[in-house]
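The block underneath contains the structure these notes are about, expressed in structure tokens.
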Amino acid sequence: MAFAPMGPEASFFEVLDRHRTSLLADLRSAGGEPATRETRLASSSEVLASIENIIQDIITSLARNEAPAFTIDNRSSWENIKFDDSVGLQMVPHCITRKVKSDSPKSIQKFALILKILSMIYKLVQSNTYATKRDIYYTDSQLFGNQTIVDNIISDISCMLKVPRRSLHIISTSKGLIAGNLRYIEEDGTKVNCTGGATAVAVPSNIQGIRNLITDAKFLLIVEKDATFQRLLDDNFCKKMSPCIMVTGKGVPDLNTRLLVKKLWDTFRTPVFTLVDADPYGIEIMCIYKYGSMSMSFEAHNLTVPAIRWLGLLPSDLKRLNIPKDSLIPLTKRDQMKLDSILQRPYVTCQPFWRKEMEIMADSKMKAEIQALTFLSSDYLSRVYLPNKLRFGGWI
Amino acid sequence: MEGTAVAVFEILRYLIIHWKCEIGVSKGALLEEQLVISIEALHSKHKANALHCVTTIAPIGSLYSGFVFKKFLKEIQSVLPRFSAKLSGIPEDSSCSQLMSAVTPFQMIFEVDEKPRTLMTDCLVIKHFLHKITMVHPKIRFNFSLKVNGILSKEIFGVENEPTLNLWNGIALVVNSQHYVSRPKFGTTESYCSRIHPVLGHPVTLSIPDDMIGVDLSGELTLTPAAALCPTLKDFSNQLNRISSVSIFLYGPLGLPLMSSPEQPITTVFKDTSYFIDWKKYHLHVVPTLDLNLDRDLVLPDMSYQVESSEGAQSQNADTQGHTLLLFLFVDFHSGFPAQQMELWGVHTLLTTHLGSILAESHSVVQDAIQFTVDQVLEQHHQAAKAHQKLQASLWVAVNSIVSVVTGSTCSSFRAVCLQALQAADTQEFGTKLHKAFQETTQHPFLYHCSCEMKQQTPEKKDSAQSTEDAYEEGNPAPRAETCWPEENKRLKSGRLHRVVETTHAPHSSRAPRRPEPPTASLSPSGEKAHSKAPAPSRASPGNRLQDALWLQEVSNLSEWLSPSPRP
């Protein structure tokens with residue numbers, strides 16, 4: 001059902017349609033009919049029981065005069081990560097763990113904070129209320145010290161209990177935006193229509209609760225930066241390229257933005273492309289959407305979209321379009337290190353074209369933002385670059 | 001004739017300087033000698049109510065090559081004009097070339113008439129002097145005996161096999177804390193480290209006041225402070241988390257105690273408690289201790305302060321509560337040439353009479369040096385106390401969180417199991433027992449292990465120590481839970497502090513600081529019998545080196561805990 005204003009003619013999307021067909025064929029050959037996959041959340045009673053088990057274990061240790069400790073999967077070690085082309089980065093089944101001991105000066109505070117947050121989660125689940133990570137932090141900011149500590153403990157608890165964060169009744173604040181050919185109804189019944197033209201809709205905080213998703217989109221474009229996203233909105237890109245969806249995570253995406261992209265892919269198998277800066281951090285952000293992150297690898301199945309393709313800005317585009325050196329930026333030492341690190345990652349080996357692009361960047365020692373295209377014209381991005389890329393299959 | 005005590009001081013001072021200078025003991029080597037000092041007192045035939053005291057000083061061992069008695073007598077009379085003595089054993093004008101290792105080669109004997117009370121005081125003062133010497137000359141041993149009207153008492157002053165801290169110039173500070181403070185009356189022996197851990201300050205040059213006519217030194221005087229808290233606590237408790245007293249020890253060149261005369265006490269300059277140390281920055285109010293009890297086993301400080309609480313009440317007896325801040329002031333003499341005996345002798349005499357003026361002349365540098373050293377020690381103590389508070393706060397967070405879950409649970413079986421595990425009748429008792437259980441299981445490893453007193457771990461604990469790391473990648477800070485670590489690691493972080501090496505002569509020691517021979521009694525001024533001294537407890541053998549390394553690794557990161565404190 002077409003509900004959006006007319007975009008390009010149908011022939012414009014031929015390559016895109018073939019691409020989608022190819023993706024579906026890949027999925028079928030990988031394992032059965034492509035079907036939407038509902039993420040199963042742990043029930044409240046399951047979460048409460050898990051927490052009670054942990055508490056009981058601690059008390060039992062103390063009764064035996066043994067110092068209790070938490071055993072937590074080491075989310076920060078590459079040794080615990082395996083790469084699967086169909087999933088992305090995920091934790092190995094029997095991974096290296098680390099102990100958070102109560103009898104160690106280094107970890108006693110962390111031990112106490114884990115218990116503190118566990119008790120808070122317990123109360124949230126019992127009372128069927130929700131809180132954000134920020135709310136948790138502000139219950140006792142002096143105790144916790146900083147937000148990062150809270151965030152990591154929550155992720156560790158999620159990993160330890162093997163339940164998604166939402167099951168812990170901790171929601172994350174969304175910072176992403178959506179625009180384009182998409183309608184849905186939120187859990188509380190709110191009807192949302194992202195076809196707004198010059199405005200975008202905030203990514204909802206309860207992705208699992210969304211229902212009645214409707215879209216005709218031929219593609220989903222993930223835009224790295226909010227500035228680029230706004231520029232495309234201003235240029236009416238969604239109308240010109242209708243039907244399509246645009247999403248931005250405003251940099252490193254939050255969990256809800258990733259969940260939304262994942263949900264759209266799972267539901268509609270809409271081809272997903274990324275538009276990122278031609279720099280190592282842009283590439284890394286793209287990898288997070290596609291293959292996931294090390295820290296959240298325990299939830300990879302819910303978050304990754306390995307079918308994502310890199311649309312732009314490619315390092316090879318810079319030469320092809322004769323972008324002048326003035327518009328380019330030298331790679332910093334940090335950039336070099338980041339680039340080297342990405343090249344070492346397991347998923348790059350199965351992406352020879354990506355590797356080649358990164359090697360072009362490494363050789364030239366230069367990077368560029370998407371805004372470098374304004375050298376050609378102020379609307380070159382939305383008027384020429386993206387339409388051509390989409391029409392003629394300029395993705396890798 | 002000067003009193004017995006003064007004579008003994010000067011003779012011992014002469015002998016030690018002689019040993020160091022004339023015999024050519026290498027600069028860094030510790031003097032290793034044994035000396036017998038005996039005083040025999042009988043009713044005087046010439047004075048009423050007086051005792052005729054014959055003091056004999058006899059070195060044991062082969063060390064007196066080059067010692068010329070006549071020269072000694074002449075030189076000693078320059079400070080003790082009325083001193084007279086005789087030598088027995090060998091001709092007075094010959095060198096002591098006979099080397100009879102186990103037999104006293106010669107004896108110096110002098111006689112004086114003294115009132116009994118004066119003699120008793122002199123004996124106590126002599127004993128304290130000997131004790132002070134052995135604190136920096138651990139290989140010198142004194143056999144002291146007193147025989148009064150046939151009643152004999154003996155004491156041996158020596159610190160063989162006790163842990164020491166090598167300083168410089170052939171002296172080493174004994175770090176056995178039992179010499180400095182009494183064993184606290186509460187708390188277990190496991191709560192305290194048996195050693196002090198001095199922090200050395202940087203040496204500063206002392207100026208000679210212009211009005212000291214005739215003083216012409218070929219070198220320069222330096223002052224090096226050292227400070228330590230005693231006892232070194234392993235387990236902080238509120239009761240002992242305070243400084244209750246300050247003891248100042250003065251040593252001159254070659255580690256000889258500086259003993260002043262009643263006419264010109266060298267400690268006058270310390271009567272003003274804030275002259276060298278700003279106590280207000282530590283929120284301490286100190287007052288001089290007026291009454292120093294001579295009759296005690298501890299090393300007698302040259303100056304002592306009591307710390308009054310902020311409410312203004314008198315602080316309690318330092319022996320029963322609180323730390324004592326020990327401050328050692330080492331005055332040394334340096335010249336470009338090997339020190340000559342008379343030169344050092346002169347320096348000692350100068351310091352004995354004019355130390356106060358000299359320190360006052362160099363007030364600002366002395367104050368800086370002492371303040372810096374005291375800052376280091378008290379800062380460590382403060383950080384450790386702070387870390388302990390953070391630790392306690394963490395435990396309370398853990399306890400309250402668990403109690404919250406247990407009390408809030410609607411699962412009766414879960415609650416029952418939890419209460420039963422700790423044998424608690426109700427949730428209130430559960431909370432109390434839970435806290436206690438945490439204290440018992442988590443506090444012990446937090447005890448401030450010294451590398452000098454690591455206990456053997458059980459095999460299970462050793463494996464635990466070697467297992468996977470227990471820290472988050474964020475490097476979440478852990479509390480600094482130790483004050484009792486080898487000072488070397490900490491000192492190296494400050495470029496201003498000396499590098500010292502802590503040595504232990506032997507891992508096991510059962511030798512007491514003094515060991516009088518029972519059962520004969522000696523008469524103290526009060527007429528009470530002297531007590532036998534119990535031997536010091538055996539020291540635990542050094543612990544697992546891996547645990548040392550792991551523990552040092554952990555405590556090296558403790559400073560990160562100094563961000564905002566969690567609420568208890």
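The listed peptides B:32-44, A:9-21, ordered by packing as a protection proxy, come out as B:32-44, A:9-21 (highest mean of other Cβ atoms within 10 Å first). Based on Cα contacts under 8 Å between residues 6+ apart, chain A shows a relative contact order of 18 percent. For chain A, the longest principal axis of the C-alpha atoms and the axis of helix A:255-268 are separated by about 60°.
Sorting A:Val100, B:Val403 by the number of Cβ atoms found within 10 Å of their own Cβ, with the fewest placed first, yields B:Val403, A:Val100. Dipole magnitude for region A:268-396: computed about the Cα centre from +1 point charges on Lys and Arg Cβ and -1 point charges on Asp and Glu Cβ, it is near 280 debye. Mean partner shielding of peptide A:141-154, defined as the number of other chain Cβ atoms within 10 Å of each residue Cβ, is 3. Label-to-label distance for A:Tyr130 and A:Ser377 is 4.5 nm, based on points extended 7 Å past Cα in the beta-carbon direction.
Among A:Lys365, A:Lys240, B:Lys127, sorting on how many other beta-carbon atoms sit within 10 Å of each Cβ, with the fewest leading, yields A:Lys365, A:Lys240, B:Lys127. With each label modelled as a point 7 angstrom along the Cα→C-beta vector, the A:Arg211-B:Gln341 pair spans 10.7 nm. What you get for region A:173-392, charging only the Cβ of Lys and Arg (+1) and of Asp and Glu (-1), is a dipole of about 440 debye around the Cα centre.
Short to long, the 20 Å bins of the Cα pair-distance histogram for chain A hold 25, 54, 19, 1 percent of all pairs. Paramagnetic label reach from A:Ala202 (point 7 Å along Cα→Cβ; backbone nitrogen cut-off under 16 Å): within region A:117-154, residues A:131-135.
Once the Cβ-Cβ distance between B:Ser413 and A:Thr71 is put in as r, and R0 is 22 Å, what FRET efficiency do you end up with, to the nearest 0.05?
That gives a FRET efficiency of 0.35.
For B:Ser207, the residues whose amide H sits under 5 Å from its own are B:Ser362, ignoring neighbours fewer than 5 places away on the same chain, with H placed 1.01 Å from N.
Counting only DSSP H runs of at least 4 residues, each contributing -39500 (n - 2.57), and dividing by the residue count of chain A, the helix-based mean residue ellipticity at 222 nm comes to -12500 deg cm²/dmol.
Here the dipole of chain A is about 220 debye; that uses its Cα centre as origin and unit charges on the Cβ of Lys and Arg (positive) and Asp and Glu (negative). Any of A:Lys110/A:Lys133; A:Lys110/A:Lys290; B:Lys70/B:Lys127 with alpha carbons more than 21 Å apart? Name them for me. Going by Cα-Cα distance, A:Lys110/A:Lys290; B:Lys70/B:Lys127 fall outside the 21 Å limit.
For the residue pairs B:Lys45/B:Lys147; B:Lys74/B:Lys147; A:Lys240/A:Lys356; A:Lys191/A:Lys263; A:Lys250/A:Lys365; A:Lys123/A:Lys191, the C-alpha atoms sit more than 20 angstrom apart in B:Lys74/B:Lys147; A:Lys240/A:Lys356; A:Lys250/A:Lys365; A:Lys123/A:Lys191.
Gain on full extension, evaluated as 0.36 nm per residue between B:Asn166 and B:Thr289 minus their Cα-Cα distance, stands at 41.3 nm. Less than 5 angstrom separates the built amide H of B:Val199 from those of B:Ala227, B:Ala228, all sequence-distant by 5 or more or on a different chain. Across peptide B:404-413, the average count of Cβ atoms from other chains found within 10 Å of a residue's Cβ is 5. Inter-chain neighbour count for A:63-70: the average number of beta-carbon atoms from partner chains within 10 Å of each residue's beta-carbon is 5.
Read-outs: derived from the displayed coordinates by stated rules, not from any lab. The shown structure was predicted, so the numbers you read here are calculated from the model rather than taken from an experiment. We place every Cβ from the backbone using ideal geometry, glycine too, and count neighbours over all the protein chains shown.
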